[in-house]
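In what follows, a structure is listed as structure tokens, so that the remarks can point back to it.
The values are calculated or read from the model by the stated rules, or taken from the named source; none is laboratory data. Predicted model, so just to flag it, every value in this text is computed and none were measured. Cβ atoms come from the backbone with ideal geometry, glycine included; neighbour counts cover every protein chain shown.
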Amino acid sequence: MSRLIPEEEYGKKPAGAFRQWMSGIRDPYLGNVEVKARAGQDENEELLKEHQEEVVSVIRKVHDVANNSQYILFRKFYKAAALICCLTLTVMLLVTVAYLPPVGSADNPAHNEVAAKYIEDGLQDTGAVNIVTGMILDYRAFDTFGESNVLFIATCTVLILMRNDKKKGKGSAEEEEHRDSFYEPKADKILQTAALILVPFIILFGIYVILNGHLSPGGGFSGGAIIGAGLILYLNAFGFEKTERFFTAKTYKWVSFSALSFYCIAKSYSFYTGAHHLESGIPLGTAGNILSSGLILPLNICVGLVVACTMYAFFALFRKGGF
Amino acid sequence: MQIFQYILLIFLVVCAIAVSFSKRLLNSILIFMSYSLIMSIIWILLESPDLAITEAAVGAGVTSVLFFATLKKIHAMREEDEEKDE
């Protein structure tokens, strides 16, 4: 006969701990994860209490169900609407799934002539030895255009969230930067020497990957990410004064703008013609040379510039709230 | 080579589990970095070196650095606090 163990003793065993965690009785991370409250926040306890009471009173007024019968109706409607929305979405998705072709069947729409055509005619059509680049920057160039724009929009969003426009006084960009890097070793000799040796090679490798995107593995995105990482290393070693000599918000604006608009002018016709190809008139050149395969090389450079700027801008915005 | 791949895959799973169960946020990020590094080696073994380059630069490099910057912003690094106390 099994005997009943008291709850506390049961909680010490793994099974019991798991069940308590599942039912929400205890949180194993509570008090263990090392997130600390910001210093100086709990000084004004009276102010905090006042603020809490205010919030509670507002909630009590807004959700005064006893005196406002229409709230009850609204809540019922809210629950019913939520249920109906969820059920409709579930049924729609399930019906769609029922129409999907079986997994692994030979006559699935994915197994068509497109893949074979890309592999067979890729070199003649695009002039790119690296089929992947030929595909993403020639056949499906408008997809890559969308991706570059996504990066630009991501930077805009981070800019909206993290931008610090204050020039002087408390909470200004300079003070924020000072507070942020106050406990870091400044002008660290080891980091600076390592960066001095590594950064040129990292950026050179990034440029190599971008320029050889149509010949060897890689391309705009990989090369741009490498250059961005190199710039971040340089920034960490030498600080904002050095990087701001060549990279400011103005630089970012103009580089991104010109790269994206060049891409747009070169490839946005796909939105009107569909996947049909327009003859660019640029000779494809000998396959295997750097200057070959038409528009792929300039487009690769554009994507690389956008990606590198985005990476650097993210880090600068996180650290300082501007660059 | 097959055995090497299996070892890498086991490491990958161990890293993925350890990230969510590590109680120090700094350790979590370091494990996440090693996850990306193992993943980039696996990409090379799967014969897609372009993805390997991107994974190493973005996953192990830029993302982790952004995580570190965020940890500093939300005051979750213990070292800094200890220095303050001394």
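General observations
- Residue identified as closer than 28 Å to residue A:194 by Cα and touching a helix residue (DSSP H, G or I) at 6+ places or on another chain (Cβ under 9 Å) among A:284, A:235, A:297, A:260: A:235
For (1) in contact with a Phe, Trp or Tyr (Cβ under 7 Å, 6 or more places away or on another chain); (2) away from chain B (no Cβ under 14 Å); (3) of a type outside the set (S, T, N, Q), each residue gets a yes or a no:
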{"residue": "A:230", "(1), (2), (3)": "no, no, yes"}
{"residue": "A:258", "(1), (2), (3)": "no, yes, no"}
{"residue": "A:263", "(1), (2), (3)": "yes, yes, yes"}
{"residue": "A:282", "(1), (2), (3)": "no, yes, yes"}
{"residue": "A:293", "(1), (2), (3)": "no, yes, no"}
{"residue": "A:301", "(1), (2), (3)": "no, yes, yes"}
{"residue": "A:307", "(1), (2), (3)": "yes, no, yes"}
{"residue": "A:319", "(1), (2), (3)": "no, no, yes"}
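- Some residue of the stretch A:195-212 being modelled with pLDDT of 85 or more and within 20 Å of residue A:150 (Cβ to Cβ): yes
- Residue pairs whose Cβ atoms lie under 6 Å apart, separated by 6 or more positions or on different chains, with the first residue in the stretch B:1-28 and of a type in the set (Phe, Trp, Tyr) and the second at pLDDT 90 or above and surrounded by 14 or more Cβ atoms within 10 Å (Cβ to Cβ), are B:11/B:38.
- Helices (runs of 4 or more DSSP H) contained entirely in the stretch A:182-271, each with at least 1 residues that are within 14 Å of residue A:303 (Cβ to Cβ) and in contact (Cβ under 8 Å) with a residue 60 or more places away in the chain: A:189-211, A:220-238, A:249-267
- Residues that are out of contact with any Leu (no Cβ under 7 Å at 6 or more places or on another chain), of a type in the set (Val, Ile, Thr) and more than 9 Å from chain A (Cβ to nearest Cβ), drawn from the stretch B:41-60: B:44
- Within the stretch B:63-81, residues that are more than 7 Å from every other protein chain (Cβ to nearest Cβ) reach partners that are at pLDDT below 80 and surrounded by 14 or more Cβ atoms within 10 Å (Cβ to Cβ) with beta carbons closer than 6 Å, at six or more positions or on different chains, in the pairs B:71/B:77.
- Among the residues of the stretch B:1-17, not a single one is surrounded by 14 or more Cβ atoms within 10 Å (Cβ to Cβ) and within 14 Å of another protein chain (Cβ to nearest Cβ).
- Of all the numbered requirements in (1) more than 15 Å from the chain's Cα centre (by Cα); (2) more than 10 Å from chain A (Cβ to nearest Cβ), residue B:38 misses one, and that requirement is (1).
- Applying the criterion of at least 1 residues that are surrounded by 10 or more Cβ atoms within 10 Å (Cβ to Cβ), of a type in the set (Phe, Trp, Tyr) and modelled with pLDDT of 80 or more to the helices (runs of 4 or more DSSP H) found wholly in the stretch A:62-173 leaves A:69-98, A:113-126, A:141-162.
- Number of positions in the stretch B:1-46 that are among the polar types (S, T, N, Q), part of a helix (DSSP H, G or I) and closer than 29 Å to residue B:76 by Cα: 6
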